[in-house]
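Asks: My questions will all concern the structure given below.
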Amino acid sequence: MLIPVHAPEPGPLPEPAVRRDSAGERFLTGPGLLVFLLTALAAYEGFLLLTIFGPTGGGLLGDFVRDFQLWCYRGDPRTGGISWLAVSVMMLEPIFIVAVAALLWRRVIVQLGDWRVWRAQVRAAATGLGVITVCVAGLVWYARIDAAKTQVLPPFPGERIRVRLDLPGEMFIDQKGAAFRFADLRGRVVLVTGVYATCSTACPEIFLEMNKLLGELPTADRAGLSVVALSLNPEYETAELMNLVAEGRGFTHPEFRYVNGEKPAEMHDVLTRLQFSATRNPQTGVIDHTNLFLLVDRSGHIAYRFTLEPRHRAWLREALRALLCEPHAAAPAS
């Protein structure tokens, strides 16, 4: 007798495995990435606004803002101006990157209208803020290191860079209307520079530097120094105008002489020979020129040439003290 064999009833089919996205995939495909980018963008733009409108008058923040403007905004240290084209490029580049990301994740960006999404993505926002903070801290650290390096100046080379160049022998007219030649100051140390009355860029800094130099000298040394400012605008500067400028800057005659040539063409020739490189901008009328200082020794020869860069400022003072300590030149033979 055959006994029927019953086949076991089939059990339930196993459910298909559900693939769960990793945290990284959820960040990249969800709102996390956009929260990160938008937070970083806001922090970065806030930093740029600080570097544009922040103080530049000294201190840790002021020095950093000034240097950042020089590096990135083509800042002009003479006027404090910056290139707004460079500012626009700096501010628009990250906005463009975020806009591209928002376009690619346009289906996700609508979720950011719900504040609960932002609350859920607080870690992404904190990460974006942290990244910008670390970058800014790195920039500040680099700026401090760079500033410390610039303060370490090489020693004054002294006689190794000394020259012996002749001064022009032309007749000039000073701010008091008196005739003047460089030969009149033989036996004295002379500081020569170039300025003009309506200059609002380099000249105020030149006048300030001359005032500092005179103020730093002991009375005995100052008695042996004369200062001569050559007019860089000989066509328009009269003795009366030069006198107003000299008195307005606190300089007294005859320690300070502001001089112009008897003829503009002759004065331009003198400026060219002394390499003051004064060039008038035909559109604005502004005269572009070097902030040049010449030091003349007691024998009546140009001994040193300096500018207002930090290294030269220090060397100018050392060279001036060295020349003032030299013995008087012998009187010229009659």
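Asks: Got a sec? Which of Ala124, Ala143 is closer than 15 Å to Arg26 by Cα and in contact (Cβ under 8 Å) with a residue 60 or more places away in the chain?
Replies: Answer to the selection: Ala124.
Asks: Is it the case that some residue within segment 172-179 is β-branched (Val, Ile, Thr), in a helix (DSSP H, G or I) and either closer than 30 Å to Pro327 by Cα or modelled with pLDDT of 95 or more (or both)?
Replies: No, segment 172-179 contains no residue that is β-branched (Val, Ile, Thr), in a helix (DSSP H, G or I) and either closer than 30 Å to Pro327 by Cα or modelled with pLDDT of 95 or more (or both).
Asks: Sort through Ala148, Ala197, Ala137, Ala179 and tell me the only one that's within 26 Å of Ser277 (Cα to Cα), small (Gly, Ala, Ser) and free of Cβ contacts under 8 Å to residues at least 40 places away in the same chain.
Replies: Ala179
Asks: Then there is this: It is to be established whether one or more residues within segment 89-100 are in contact (Cβ under 8 Å) with a residue 40 or more places away in the chain, of a type in the set (Asp, Glu) and part of a helix (DSSP H, G or I).
Replies: Among the residues of segment 89-100, not one is in contact (Cβ under 8 Å) with a residue 40 or more places away in the chain, of a type in the set (Asp, Glu) and part of a helix (DSSP H, G or I), which makes the answer no.
To keep it simple, each residue is scored yes or no on (1) at pLDDT below 85; (2) surrounded by fewer than 11 Cβ atoms within 10 Å (Cβ to Cβ); (3) among the polar types (S, T, N, Q).
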residue: Arg19; (1), (2), (3): yes, yes, no
residue: Ser22; (1), (2), (3): yes, yes, yes
residue: Pro55; (1), (2), (3): no, no, no
residue: Leu61; (1), (2), (3): yes, no, no
residue: Val65; (1), (2), (3): no, no, no
residue: Cys72; (1), (2), (3): no, no, no
residue: Gly75; (1), (2), (3): yes, no, no
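Asks: Now a separate question. Identify the residue in segment 108-149 that is part of a helix (DSSP H, G or I) and in contact with a Gly (Cβ under 7 Å, 6 or more places away or on another chain) and, among all such residues, is modelled with the highest pLDDT.
Replies: Only one residue tops the list, namely Ala124.
Asks: So is Ser277 surrounded by 13 or more Cβ atoms within 10 Å (Cβ to Cβ), in the same structural domain as Ser226 (by TED's automatic domain parsing) and either on the phi > 0 side of the Ramachandran plot or at pLDDT below 85 (or both) or not?
Replies: yes
Asks: Among what's in segment 259-283 and is in contact with a Ser or Thr (Cβ under 7 Å, 6 or more places away or on another chain) and either of a type in the set (Ser, Thr, Tyr) or not in a strand (DSSP E or B) (or both), pick the residue that is nearest to Asp184 (Cα to Cα).
Replies: So the residue we want is Met267.
Asks: Quick one: Tyr236 ticks every box in (1) surrounded by 16 or more Cβ atoms within 10 Å (Cβ to Cβ); (2) in a loop (DSSP other than H, G, I, E, B); (3) without any contact (Cβ under 8 Å) to a residue 40 or more places away in the chain except a single one, so which number is it?
Replies: The single condition Tyr236 does not satisfy is (1).
The values are calculated or read from the model by the stated rules, or taken from the named source; none is laboratory data. Values in this document were obtained by computation on a predicted structure and should not be read as measured data. Positions of Cβ are backbone-derived with ideal geometry, glycine not excepted, and every protein chain shown enters the neighbour counts.
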